[in-house]
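Visitor: Have a look at this one.
What follows is calculated from the coordinates using simple rules that are stated; it is not laboratory data. This is a predicted model, so every value here is computed, not measured. No Cβ is skipped: glycine too gets one built from the backbone with ideal geometry, and neighbour counts run over all protein chains shown.
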Amino acid sequence: MKILTFGASNTKNSINKALARFTATLVPGGEVEVLDLSDYDLPIFSEDLEKEIGQHPRAKAFFEKIGAADGVIVSFAEHNGSYTAAYKNLFDWASRIDQKVFQGKPTVYLSTSPGPGGAASVLASAKGSAQFFGVDLKAAVSVPSFYDVFDAETGRINEPNALADLTTAAKTLALREAA
Ligand SMILES: Cc1cc2nc3c(=O)[nH]c(=O)nc-3n(C[C@H](O)[C@H](O)[C@H](O)COP(=O)(O)O)c2cc1C
């Protein structure tokens, strides 16, 4: 099954992208594609610009990537308690193609940050609105203190509790295939 993963951030070395990528490797039988949101850079959404240019090709490309996946793993970076501007902007553009941006795909939401909060605030926000955006939300996990639990050499999370939570979450994407 095709698992699309991305960090909801345009940081080149995004810790959320690393977390999403690692978690995707825990999906049994998963064929993983990692998106980099910096490849989906867009002008700031405005209804006026939309009237001029219509749907933006990069938003379409992002929407189509989700449409082609069997499952999605997204890890949310937190900026001032909320989404990064880069993700929110891309999401706003994509939502004008279809408000159900996630197109009913089985999805795991993650979040992480260097601090003890683990970006839990943005994760709560994303969970709270998932139903409006076509997200078939299977699991949500926040990983605090990323650099304490991530092994940069192997790209793996080794801390047992976080690893157990991520493994359980990843398996929820494979359950559908088996059903
Ligand atoms: C403008 C800005 C605001 C931030 N606000 C928060 C925050 O509210 N909560 C938090 O846990 N970390 C915050 N951080 C730190 C980020 O969690 C950290 O930069 C993290 O690496 C971002 O994820 P990324 O590497 O996937 O982009 C903020 C960072 C920036 C640049």
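Visitor: Give the angle, between 0 and 90 degrees and rounded to the nearest 10, that separates the Cα long axis of helix 160-178 from the longest principal axis of the Cα atoms of the chain.
Guide: Helix 160-178 and the main axis of the chain meet at about 60 degrees.
Visitor: Report the gain in length on full extension from residue 36 to residue 68: 0.36 nm times residue separation, minus Cα-Cα distance, nm rounded to one decimal.
Guide: On the way: separation 32, 0.36 × 32 = 11.52 nm, distance 1.64 nm.
9.9 nm is the gain from fully extending residue 36 to residue 68.
Visitor: Let me have the 222 nm mean residue ellipticity of the chain computed from DSSP H runs of 4+ only, each contributing -39500 (n - 2.57), with the sum over all residues rounded to the nearest 500. Each step should come with its number before you reach the end.
Guide: Numbers: 7 runs with 73 residues, N = 179.
So the calculated ellipticity at 222 nm is -12000 deg cm²/dmol.
Visitor: Let me ask you something else. Given charges of +1 on the Cβ of Lys and Arg and -1 on the Cβ of Asp and Glu, with all other atoms neutral, how large is the dipole of the chain about its Cα centre, in debye to the nearest 20? If you can, show how the numbers build up before the last one.
Guide: Values: 17 positive and 21 negative charges, 65 e Å.
Charge dipole, the chain, about its Cα centre: 320 debye, nearest 20.
Visitor: Could you work out how much longer the chain between residue 152 and residue 164 gets when fully extended? Use 0.36 nm per residue separation minus the Cα distance between them, nm to one decimal. Intermediate values should be presented prior to the final figure.
Guide: Details: separation 12, 0.36 × 12 = 4.32 nm, distance 1.87 nm.
Stretched fully, the residue 152-residue 164 segment lengthens by 2.4 nm.
Visitor: Taking residue 17 as the anchor, which aspartates and glutamates have their alpha carbon closer than 12 Å to its alpha carbon, excluding any fewer than eight residues away along the same chain?
Guide: 33, 36
Visitor: Provide the gained length on full extension for the span residue 88 to residue 55, in nm with one decimal, where the gain is 0.36 nm per separating residue minus the Cα-Cα distance.
Guide: On the way: separation 33, 0.36 × 33 = 11.88 nm, distance 1.58 nm.
Difference between extended and current length: 10.3 nm.
Visitor: When Rg is the radius of gyration of the Cα atoms in the chain and Rh is its Kirkwood radius, what does Rg/Rh come to? Walk me through the intermediate numbers first.
Guide: Values: Rg = 15.6 Å, Rh = 16.2 Å.
My calculation puts Rg/Rh at 0.96.
Visitor: Report, by chain and number, residues whose modeled amide H sits under 5 Å from the one on residue 73, excluding near sequence neighbours (fewer than 5 apart, same chain).
Guide: Correct list: 4, 5, 6, 108.
Visitor: Short version: ³J(HN,Hα) in whole Hz for each residue of the stretch 49-62, in order, from phi by Karplus 6.51 cos²θ - 1.76 cosθ + 1.60 (θ = phi - 60°), x for Gly and Pro, what are they?
Guide: 5, 4, 4, 6, 10, x, 5, 7, x, 6, 5, 5, 4, 5
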